[in-house]
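Shown next, in structure tokens, is the structure this report addresses.
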Amino acid sequence: AQSIHRRDYRAPTHLIDTVKLEFDLDPESTAVINTMAVRPNPESAVADGILTLQGEDLTLVSVSVNGRALSESEYDLTKTQLRIPGITSASEVTIVNRFNPTANTALSGIYASGANLMSQCESQGFRRITYYLDRPDVLARFTVVIRAPKALYPVLLSNGNRKEERDLDDGRHMVVWEDPFPKPSYLFALVAGRLACRRETMRVSDGRSVTLEVWVEPQDLEKTAHTMESLKKAIRWDESRWGLPLDLDDFKIVATNDFNFGAMENKGLNIFNARYALANPAVATDDDYFNIESVVGHEYFHNWTGNRVTLRDWFQLTLKEGLTVFRDQEFSADMLGEASARAVQRIKDVIRLRSAQFPEDAGPMAHPIRPESYVEINNFYTTTVYEKGAEVIRMLQTLLGRETFRKGFDDYIRTNDGKAVTCEAFLEAMERASGRSLEQFRLWYAQAGTPRVTVRSRWDEATHTFALEVTQTTPPTPGQAAKRPFLIPFPVALLDADGNKLPVRLLGEDAAPAPGTRMFELTEASSTFVFTGLAACPVPSLNRGFAAPVIVEANESLETLAFLASKDRDPFNRWDAMQRLMGEVIRRQIHARLLKSSEDVDRILIDAVGAMLDDETLSPAFKALALELPSEKILGEREPLIDPQAVHVARETVMTAIAKRWSTKFLETAQAMQVPGDYDPSAEPSGRRALMNLCLAYAQANSVPRALIMICDQYQTANNLTNRLAALKMIASSQSPRKNEFLVDALQSWAAEPLLVNKWLSIQAGAKAMPGETPIVERVRQLMQTEFFSLKNPNKVYALLLTFFTANPNEFHSLDGSGYQLWAEAVMELNRINPQVAARCARSLENWRRYTPALARLQHEAITALWERREELDSSVVEVLDKALH
Ligand code: B3K
Ligand code: ZN
């Protein structure tokens, strides 16, 4: 497969000013008449008049130029291109073609979802609808005419405004849509089917009244209230926080069960995976409610960052994704309220970064947030482009200050509205606003890998000075052996014995600043800061609030970590200190196991947990995050070689030791955290439920019989899915002889609801098997054979297979290689059905080199076996295997 390089960008040879698409919908053979007003691009370096359109899996019927039908010898057609010569001046090019939505199992282009038709065009799905200049820098005004049998497809939607609607002969009808905003093809959308909608009108800041609609299958209509509320909040927030209004009179959201990822920001017609659009207390957990608000926000915010200002080419993806993730994170944080509640959002975002992006940055797929090359762009919708991209934007806000950042953001939008631009446009706007060169900062766009910031401290009793020697290094990544130092914002506070912030005064500075956090900028490989004006050796609190996406290695003692976990006033760092304390204690268990010795779980940790549990100044939501041991995934990542079984046992050992000591306290807290009354998914009661369920998990780790009774009782009596699901999850990994009874009971009550069946699959894929029980891999295989699973439905694949591959390391990385065998079979099968989903699953083994030799060898064998069959595989899967092996 061919790599595409960023440096090879060429302006398009032609531009398309307007396009009219006429669809005659049919589930097996949809016809398209595509009429484009095309003209040569004055900016193009090539002016040979050849118009090269992309097309994939299409049946071409006819090509005409300015009304004259071309004969086959007058154009050139291959599997992926249609070349039409002689377009040397403005011309009307008309293409007629057909495609089969039902055969489209890749879910890219227009495809059948149950009895409905849905579309997904980003990145390159539009070429599966018609021949086109399918690239983001060609912006056209779209008119869409949809004709369809009315009984089958009573609702016909596309972008923009409804211009006309009427019945035709033979039970067919027609709707015409016009989108006033020029857009790239990846933002096109079409939906047809039997759908119902929740509709509301809202007055926006400029006084206009807009119509908001959420379209779903009729039985799901009662699950759309939260989505609508979230949309209204998102609109308000974008107006008040960024001064950005809704630019359309109509805004629609559509939900579907068949979707490759979360949701899509098509102009005025967002399409959502049902899991991010449907909620009621029976089908959605607290996290689901929360995620829906965040994803609805994310897609809505794209209307400005992505749609109004769009991308020149796909290498710039982070320009819209990093920025929009940053915006949705801020939205979620603002919805939580004041500072300590906002910290909960920050912590969740960092957990995500550490568990998914850090491993990516340390593996064979490591790439800068703006990659230099790719084989398949769909493989680059990564946590690096998204989540690290958001961290890079956040660093800019931190470095420039909120006000200057906002000025730069406004400038960026104003200057680039209606254009397709590169990441440079954003950086230049920030430079204009701040008057500051961001040259060194640009390295964040160019260099991959997670920087390590090593900190050594020294207290000099004689001079009462405190020195911090700060060194940054970034490990080599594919194609980038040596790295230059980044510009890293690095906020530091110095704490006294009570956790109070001291003045941070550098040696040589005359006046002592007020006590507080001080922002340093690391620009060199190594820098030393010497602080003075201190009565005693302080405790440094570093990279406060996780200002930079780096790994800080400060070698703190358990005592220091426990001190920070109880005294640091920065809630993020307090959480982080507790996590590092836990991580360090677990690491000692892992190493003891390696040396076949035993090691007591340190009292310092056990006491710190007890103290935090008792601390009444902390919110339950915060405690739930701080008291949960780091995941096996995050723990393994820190080891030189990952031994999933050792990590698992070590984590369980520590959990049990904590549980033993505080057994009563956990049960009492679980009791105290119960939320009476009707279900309310808002932050406060969600936090109480999270802490309650964590306490129950601890109590169960100590095998207190009362805990299992409480858990089973909770499963039966809960009035919300959060508690019911949490209980079932604990039962599924317990010693309970009745666990199958519970699982069958859950299936019986959930079978009619795809979202719930998926959760049921996930629970089993993520469970641990007790001695004597069927190994999880066998359980997963059995479930794959049931009617509740289908390889054709991405949500089911993610729920069962991806959960097993990525969220159950102890079971998946079983020493007999059975997990890898299943992985290879699944990737092979999925490749035929849906290459994007196959490639995503394939990535589960990419970090094989990080494992202990026996496991690495087995993984290598499984990858190699697929590699040898690469002729049968889609280039997206081949790219993953290739990068993993070579
Ligand atoms: N922009 C889409 C992602 C499209 C993925 C294509 N493989 C959703 C989002 O980020 O909002
Ligand atoms: Zn996005």
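At-a-glance table
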{"read-out": "Ranking of 320, 792 by count of other Cβ atoms within 10 Å, fewest first", "value": "792, 320"}
{"read-out": "Helix axis angle, 603-614 relative to the chain longest principal axis, alpha carbon, degrees", "value": "70 degrees"}
{"read-out": "The stretch 79-153: trypsin sites (Lys or Arg not before Pro) in DSSP coil with no more than 14 other Cβ atoms inside 10 Å", "value": "79"}
{"read-out": "From phi via Karplus (6.51, -1.76, 1.60), per-residue ³J(HN,Hα) for the stretch 682-693 in Hz, x at Gly/Pro", "value": "6, 4, 5, x, 4, x, 5, 5, 4, 5, 4, 5"}
{"read-out": "Order of 430, 174, 710, 519 - criterion: other Cβ atoms within 10 Å of each residue's Cβ, fewest first", "value": "519, 174, 710, 430"}
{"read-out": "Kirkwood Rh in Å, taken over the chain so that all alpha-carbon pairs contribute", "value": "29.1 Å"}
{"read-out": "Filtered GluC sites (Glu not before Pro), the stretch 599-642: DSSP coil and at most 15 other beta carbons within 10 Å", "value": "599, 616"}
{"read-out": "Cα gyration tensor shape of the stretch 751-886, rounded if a/c is under 1.5, else prolate or oblate by comparing a/b with b/c", "value": "oblate"}
{"read-out": "Quotient of C-alpha Rg and 2.2 N^0.38 Å, computed over the stretch 711-800", "value": "1.04"}
{"read-out": "5 angstrom amide H check on residue 41, placed H, neighbours 5+ away", "value": "14, 15"}
{"read-out": "Low-density loop positions, GluC sites (Glu not before Pro), the stretch 424-460 - DSSP coil, at most 13 other Cβ in 10 Å", "value": "439"}
{"read-out": "For the stretch 568-573, Karplus couplings with θ = phi - 60° (6.51, -1.76, 1.60), whole Hz, Gly/Pro x", "value": "5, 8, 7, x, 5, 5"}
{"read-out": "Vicinal HN-Hα couplings computed from phi for the stretch 742-750 (Karplus, 6.51 cos²θ - 1.76 cosθ + 1.60; Hz; Gly/Pro x)", "value": "5, 5, 5, 4, 4, 4, 4, 7, 10"}
{"read-out": "Part-to-part distance (alpha-carbon centres) for the stretch 499-535 and the stretch 808-855, which is given in Å", "value": "48 Å"}
{"read-out": "Stokes-Einstein diffusion coefficient of the stretch 790-850, Kirkwood radius over Cα pairs, 37 °C, 0.692 mPa s, in µm²/s", "value": "283 µm²/s"}
{"read-out": "Helical mean residue ellipticity (222 nm; -39500 (n - 2.57) per DSSP H run of 4+; nearest 500) of the chain", "value": "-12000 deg cm²/dmol"}
{"read-out": "Sequence-distant residues sharing a close amide H with residue 104 (under 5 Å, placed H)", "value": "112"}
{"read-out": "In degrees, nearest ten, helix 705-717 long axis to first principal axis of the chain (Cα)", "value": "30 degrees"}
{"read-out": "log10 of Debye I(q)/I(0), alpha-carbon scatterers only, for the stretch 1-148 at 0.12, 0.21 Å⁻¹", "value": "-0.50, -1.43"}
{"read-out": "Orientation-averaged projected area, Cα convex hull of the stretch 452-548 (nm²)", "value": "6.8 nm²"}
{"read-out": "Residues 840, 442, sorted so that the one with the fewest Cβ neighbours within 10 Å comes first", "value": "442, 840"}
{"read-out": "Rg/Rh for the stretch 527-674, where both radii come from Cα atoms and Rh is the Kirkwood radius", "value": "0.99"}
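Quick note: the coordinates plus some simple rules give every number you see, no bench work behind them. No experiment lies behind these values; they were computed from the predicted model shown. Cβ: placed from backbone, ideal geometry, glycine included. Neighbour counts: every protein chain shown.
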